[in-house]
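Trainee: Dropping a structure here in structure tokens format, bear with me for questions.
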Amino acid sequence: MTKGLLVFQSDFGNSDGAVSAMHGVANTVQPGLSIFEITHQIPQYNLWEASYRLLQTIRYWPEGTVFVSIVDPGVGSDRRAVVAKTTNGQYIITPDNGTLTHVKQFIGITEVRDIDETVNRLPNSGESHTFHGRDIFAYTGARLASGVINYENVGPAFNTTEIVSLPLKNSSIEDEVITGNVDIIDRPFGNLWTNISRKQFIEIAEQHGDSFEVTITTDGRTIYNNIMTYGRSFADLHIGEPLVYVNSLDNIGIAINQGSFADAYRIGTGTNWEVVIRKAPRIVYE
């Protein structure tokens with residue numbers, strides 16, 4: 001197990017001292033502990049984005065890395081505080097409120113434990129119930145990452161089938177029409193990352209330069225419908241032109257070259273943002 005790697009994400013932002021307080025708690029457990037960030041710019045209370053950012057990130061970290069993810073609209077309630085162990089031997093410390101959805105589905109969780117707050121809680125913080133990110137999650141994360149406790153000391157295990165999950169939809173293909181959804185916005189650029197895999201897309205895409213009709217709908221309303229080109233990179237298109245492309249997770253992205261697609265059309269994320277892609281006549285540029 002790699003010790004000493006602790007990685008935070010939250011919806012706290014960086015405008016106050018919340019993130020610094022968590023760093024401070026971690027350093028009281030182990031001075032000089034290596035601490036890193038995924039992001040603290042998750043939109044407030046957005047469990048879907050918290051779940052997806054973990055999927056986007058954790059596979060690139062070593063076995064044994066401890067992640068602390070805090071997007072916690074139910075802080076102080078009876079929701080569980082847990083530590084999940086992934087199939088890659090990493091640990092995710094988080095409220096059990098849906099944040100583990102994408103990791104459980106696409107990476108795998110082998111075990112999950114309920115944090116025993118009687119031993120894994122910052123000393124003298126028992127009367128506060130609004131900053132579990134500092135008092136429970138950062139404290140437990142630092143103890144686990146530094147080797148003060150091992151995984152079995154976190155608390156009692158429970159069945160992984162009991163993990164709270166958000167609804168997911170798989171992309172599908174029928175009659176050369178692919179249907180998926182917008183998984184996440186690639187900030188700050190504003191590109192749309194879908195759940196449509198490259199392997200699925202190339203069933204209808206013969207080569208770069210092919211043209212596709214892309215339709216984006218939400219709640220029964222069509223937000224966008226247009227023809228765009230399959231580009232190898234953004235440089236294949238003129239500035240301001242839309243394209244479909246393969247993103248860094250080997251899924252299909254939708255973008256405007258040097259523009260924000262999400263901001264231009266006010267696109268959101270999740271299973272209610274549907275993307276339909278079908279083959280169209282090829283566009284030839286003079």
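The values are calculated or read from the model by the stated rules, or taken from the named source; none is laboratory data. Note that this is a predicted model, so its numbers are computed, not measured. FYI the Cβ positions are ideal-geometry reconstructions off the backbone, even for glycines, and counts take in every protein chain you see. Surface accessibility is based on the protein's heavy atoms, side chains included, excluding ligands, DNA and RNA. Shrake-Rupley method; radii C 1.70, N 1.55, O 1.52, S 1.80 Å.
Trainee: I'd like the accessible area for Asp114, computed on protein heavy atoms only with a 1.4 Å probe and all protein chains in place. Round to 10 Å², please.
Mentor: Here the residue's solvent-accessible area equals roughly 40 Å².
Trainee: Using alpha carbons only, how many angstrom separate the centre of segment 234-259 from the centre of segment 13-64?
Mentor: 29 Å
Trainee: Let me ask another. Can you work out ³J(HN,Hα) from phi for every residue in segment 78-84, in order, using Karplus 6.51 cos²θ - 1.76 cosθ + 1.60 and θ = phi - 60°, giving whole Hz and x for Gly and Pro?
Mentor: Calculated HN-Hα couplings, in order: 8, 5, 6, 9, 9, 10, 9 Hz.
Trainee: Next question, about the same structure. With a 10 Å cut-off between alpha carbons and a GNM built on the chain, which of His102, His23, His238 moves the most?
Mentor: In the Gaussian network model the winner is His238.
Trainee: Something else about it: Extension gain Gln44-Phe189, at 0.36 nm per residue separation less the Cα-Cα distance, in nm?
Mentor: 50.2 nm
Trainee: By how many nm would the segment from Asn14 to Val119 grow when fully extended, if each residue of separation counts as 0.36 nm and the alpha-carbon distance is taken off?
Mentor: So the extension gain works out to 34.9 nm.
Trainee: Right, here's the next one. Please list 3J(HN,Hα) in residue order for segment 176-185, calculated via the Karplus relation 6.51 cos²θ - 1.76 cosθ + 1.60 where θ = phi - 60°; whole Hz, with x for glycine and proline.
Mentor: With coefficients 6.51, -1.76 and 1.60, one gets 6, 10, 9, 10, x, 9, 7, 6, 7, 9 Hz.
Trainee: Now for a different question. Looking only at Gly141, Gly253, Gly220, which one moves most when the chain is put into a Gaussian network model with springs between Cα atoms under 10 Å?
Mentor: Gly220
Trainee: Quickly estimate the mean residue ellipticity at 222 nm for the chain, helices only: each DSSP H run with n ≥ 4 gives -39500 (n - 2.57), and the total goes over all residues, rounded to 500. Write out the running numbers ahead of the final one.
Mentor: Working: 6 runs with 46 residues, N = 286.
That comes out to -4000 deg cm²/dmol.
Trainee: Along the positive direction of the dipole of segment 49-168 (beta-carbon charges: Lys, Arg +1; Asp, Glu -1; about the Cα centre), which of Ser146, Pro95, Ile115 reaches farthest?
Mentor: Checking the options against the dipole of segment 49-168, the answer is Ser146.
Trainee: Once phi is turned into ³J(HN,Hα) by the Karplus curve 6.51 cos²θ - 1.76 cosθ + 1.60 with θ = phi - 60°, what whole-Hz value does each residue of segment 38-49 show in order, with x for glycine and proline?
Mentor: Coupling constants for segment 38-49: 7, 6, 10, 10, 4, x, 3, 6, 8, 5, 4, 5 Hz.
Trainee: Keeping all protein chains in the complex and leaving out DNA, RNA and ligands, what accessible area do you get for Glu203 with a 1.4 Å probe, in Å² to the nearest 10?
Mentor: Here the residue's solvent-accessible area equals roughly 120 Å².
Trainee: Quick one: which residues, 5+ away or cross-chain, put their amide H under 5 Å from the amide H of Val164? H built at 1.01 Å from N.
Mentor: Amide H neighbours of Val164, under 5 Å, 5+ apart: Gly98.
Trainee: Check Ile109: other-chain or 5+ apart residues with amide H under 5 Å from its amide H, H built from backbone geometry?
Mentor: So Ile109 has HN proximity to Thr87.
Trainee: Turning to a different aspect of this structure: Provide the FRET efficiency to the nearest 0.05 for the Asn170-Ile149 pair, computing r from the beta carbons and using R0 = 51 Å.
Mentor: Efficiency at R0 = 51 Å is approximately 0.85.
Trainee: For Ile115, what residues show an amide H to amide H distance below 5 Å, using hydrogens built from the backbone and excluding near sequence neighbours?
Mentor: Hits under the 5 Å cutoff: Ala81, Val82, Val83.
Trainee: Please check: in the Gaussian network model of the chain (C-alpha springs, under 10 Å), which one of Tyr224, Tyr91, Tyr60 has the largest mean-square fluctuation.
Mentor: Top of the fluctuation ranking is Tyr60.
Trainee: Taking 0.36 nm per residue of sequence separation and subtracting the Cα-Cα distance, how much length would be gained by fully extending the chain between Thr161 and Glu63, in nm to one decimal?
Mentor: Full extension from Thr161 to Glu63 adds 33.0 nm.
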